1. Going by the conditions given, is THR412 within 17 Å of ARG127 (Cβ to Cβ) and at pLDDT 90 or above?
2. Given (1) in contact with a Pro (Cβ under 7 Å, 6 or more places away or on another chain); (2) free of Cβ contacts under 8 Å to residues at least 40 places away in the same chain; (3) among the small types (Gly, Ala, Ser), identify the lone condition not met by ALA166.
3. Scanning for something open to solvent by 60 Å² or more (accessible area, probe 1.4 Å), of a type outside the set (D, E, K, R) and closer than 19 Å to PHE234 by Cα, does segment 323-343 turn up at least one residue?
4. Would you mention how many residues in segment 139-153 are outside any loop (DSSP other than H, G, I, E, B) and either open to solvent by 10 Å² or more (accessible area, probe 1.4 Å) or within 23 Å of ILE10 (Cα to Cα) (or both)?
5. Say we look at segment 51-69 and pick out the residues that are polar (S, T, N, Q) and surrounded by 10 or more Cβ atoms within 10 Å (Cβ to Cβ); which of these is nearest to ASN23 (Cα to Cα)?
6. Output the qualifying pairs, or none if there are none: Cβ atoms under 7 angstrom, residues six or more apart or on different chains, first residue in segment 273-290 and without any contact (Cβ under 8 Å) to a residue 12 or more places away in the chain, second residue open to solvent by less than 90 Å² (accessible area, probe 1.4 Å).
Amino acid sequence: MSPDPVAPFIARWSAAQAAERANYQLFLSELCDVLGVDRPDPATDDTAHNSYVFERAVTFHHRGSTKTSTGRIDLYKRGCFVLEAKQYATAKSRAPETADLELTLAHLDDHAPKAPKIARGTAAWDRAMLEALGQAENYARALPADEDPPPFLLVVDVGHVFELYADFTQKGKNYLPFPDARTHRIRLAELTRPEVRDTLRAIWTTPHALDPAKKAAAVTREVAGYLAELAKSFEKHHDPKDVAAFLSRCLFCMFAEDVGLLPKDAFKQFLDSIKEDPGAFVPLVEGLFEDMNQGRVSGLLRKKLLYFNGGLFASAKALPVNGTQLGLLRRASALEWRHVEPAIFGTLLERALSPDERHKLGAHYTPRAYVERLVLPTVLEPLREEWSAVRIAAVTLAQRDTAAALKEARTTVRQFHERLCAVRVLDPACGSGNFLYVALEQMKRLEGEVIALLHD
């Protein structure tokens, strides 16, 4: 059995220091060995054939000018990623204020005079990584028209961290921290975790398999199927509006327990506990709904619950269930609800209000991709273009490293935040609210980036 290559790789590269040009190709080649993927191919003089190479050439067309310039992507794999590599120094023990005065952004131009080393973990390092992301975005957009921007951007501090950003639409205009802003940064030592290596391996080989929308669509379609069956069986004896309201409350509980708004698996365990006694369902679940509406201690769950506003639980009415209906609820509750699109609640209500449509829920759930085709270009892309300009301006100000410049940088970011919070989105369809939900989610993701930069 061959020895595990991960530990020696981590030990070997943890000791490497700022020598980006000398180290990055060797580091990434050895990383490929650790991941069990092919190393990059030799480059040819025909750029069109350089689909997986170091130093892939791209042409920049400068706005307002006929002039062009050539840039080189550190590592490119067509249909997978653009990778921008840097290598900074491990911070030495010294006063933070002294470190910040000494550190400036480096590597903005490979041919520029060598700048002072940037120490990891400092504000200057955060700004440098952000600047590297900007470079990677520019490279992705500079690819030829017949090559779509890849789904991933990777920013690598050699021997230290990988930062992941994704845009599965492959429009190159909406790269977001992947999987989210809290966990998109992978430290070298985390390569010991198999799931981390699996994620990186997928970025190299099958990046679209990581698209959360695909899993969300699959789970949501399965949920929709159960809902269609439940709605059909309940509507034989109950008003469709009552059925929709009741199922919405049940679905919300399933969603809430998977995202931490209710104790984990609490609703699922409750349903499992009465599988032999469906008659106990109504009094117990109505008590739970009342507790959620009041935000008080639940006798059923033996926990202090949050207060759920918005009126969903203002009525605690529950419908009696038979064994088959309870079984469908139990199967639905066993799914991974954190992957379910919350927009399904609006879809459920819309179907329930339309006698011709309410039994077609499973077949008619609108995939998220369809919604994003309208929301992204009309709402998000203009905001992100504006944010890109604000981010560059703020980082440029922060580089001056004076109290006045930093104050102006923070003001610049805060003003954009206020502008973002004031945006109103109109959904003229007045349907289930799915378009509004997706717009809100995307704007909240953008807000997270704004707040993170303000913190930095």
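1. yes
2. All conditions are met except number (2).
3. Our first condition is that a residue be open to solvent by 60 Å² or more (accessible area, probe 1.4 Å); within segment 323-343, this holds for 324, 330-331, 334, 336, 338.
Narrowing the set further to residues that are of a type outside the set (D, E, K, R) leaves 324, 334.
The next check asks that each one be closer than 19 Å to PHE234 by Cα; those that pass are 324.
The answer is yes; a qualifying residue exists.
4. 3
5. Restricting to residues being polar (S, T, N, Q) and surrounded by 10 or more Cβ atoms within 10 Å (Cβ to Cβ), the top hit is SER51.
6. ALA280/ILE274
Quick grid of which residues meet (1) in contact with a Phe, Trp or Tyr (Cβ under 9 Å, 6 or more places away or on another chain); (2) of a type outside the set (A, V, I, L, M, F, W, C):
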position	(1), (2)
LEU154	yes, no
ALA166	yes, no
ASP180	no, yes
ILE186	yes, no
ILE203	yes, no
PRO207	yes, yes
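For every residue, the table says whether it meets (1) at pLDDT below 95; (2) in contact with a His (Cβ under 9 Å, 6 or more places away or on another chain); (3) open to solvent by 70 Å² or more (accessible area, probe 1.4 Å).
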residue	(1), (2), (3)
ASP258	yes, yes, no
GLN269	yes, no, yes
GLY295	yes, no, no
GLY299	yes, no, no
LEU306	yes, no, yes
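The values are calculated or read from the model by the stated rules, or taken from the named source; none is laboratory data. Given the structure is predicted, the values throughout are model-derived calculations rather than measurements. As a convention, Cβ positions derive from the backbone with ideal geometry for all residues, glycine included, and neighbour counts pool all protein chains shown. All accessible areas refer to the heavy atoms of the entire protein, side chains included, with ligands and DNA or RNA removed. Shrake-Rupley method; radii C 1.70, N 1.55, O 1.52, S 1.80 Å.
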